[in-house]
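Scroll down for the structure; my scribbles are underneath it.
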Amino acid sequence: MKIKVGVTIEAPPEVVWRTVEQIERHVDWMADAVSISFTSANDRMIVIQWTPRRAIGIEHHGVVTGWGRFTLGRRRGNRTRFTWTERLRFPWWMGGRIGALAAKPILRAVWRRNLTTLKRIVEGQAVTPAG
């Protein structure tokens, strides 16, 4: 199953990167993440790509397997297009492909909401006083 969601953030990639590079803080904007630790044996994620101000790629090794990638693209007006792509495989006991198809619209909605929260956080940090 592949899901791709995105949002345009009113801040340059450098500002957006300062928020997303802090992986342990993703719980601040990911409603579906309870905690992120660097020692858990449950849902293991391995960082496979780290391109500052451009992309983070991870592999999922847990109940659900696959990969995910965040990309940051510069847009006119000092904005950033933030895209989140995931390709996931569900185990047979979670319904396999059928379970993934059922979960897809739910995950897409949750991740869109996550990106709305990320946008709000980053744009709040990017506000500079008029002077």
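The values are calculated or read from the model by the stated rules, or taken from the named source; none is laboratory data. This is a predicted model, so every value here is computed, not measured. Positions of Cβ are generated from backbone atoms using ideal geometry, with glycine treated the same way; all protein chains shown enter the neighbour counts. When the accessible area is computed, the model is the full protein with side chains, heavy atoms only, and any ligands, DNA or RNA have been set aside. Shrake-Rupley method; radii C 1.70, N 1.55, O 1.52, S 1.80 Å.
Quick look at the values:
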item	result
Solvent-accessible area per residue, Å², over the chain with all protein chains present [probe radius 1.4 Å]	63 Å²
Solvent accessible area, Å² - residue 10, 1.4 Å probe, full protein context	100 Å²
Cα-based Rg and Dmax for region 39-103, where Dmax is the largest Cα-Cα distance (Å)	14.9, 47
Ranked order, 46, 9, 106 - accessible area, probe 1.4 Å, largest first	106, 46, 9
Once exposed loop trypsin sites (Lys or Arg not before Pro) are cut out (DSSP; at most 14 other Cβ, 10 Å), longest piece of the chain	77-131
Estimated Rh, the chain: Kirkwood, alpha-carbon pairs, angstrom	15.6 Å
GNM result for the chain, Cα springs below 10 Å: residue of 80, 51, 116 fluctuating most strongly	51
Choice from 55, 102, 11 with maximal GNM fluctuation in the chain (Cα, 10 Å cutoff)	102
Helix-only mean residue ellipticity at 222 nm for the chain, each DSSP H run of n ≥ 4 adding -39500 (n - 2.57), per residue, nearest 500	-10000 deg cm²/dmol
Extension gain from residue 97 to residue 79, taking 0.36 nm per residue of separation minus the Cα-Cα distance	2.8 nm
Amide H partners (placed H, <5 Å) of residue 75, local residues excluded	80, 81
Total charge dipole magnitude, the chain, about the Cα centre, Cβ charges on Lys, Arg, Asp, Glu only, Debye to nearest 20	660 debye
Candidates 88, 118, 107, ranked by Gaussian network fluctuation over the chain, Cα under 10 Å, top entry	107
Folded to 0 to 90 degrees: helix 96-126 orientation relative to the chain principal axis, Cα	20 degrees
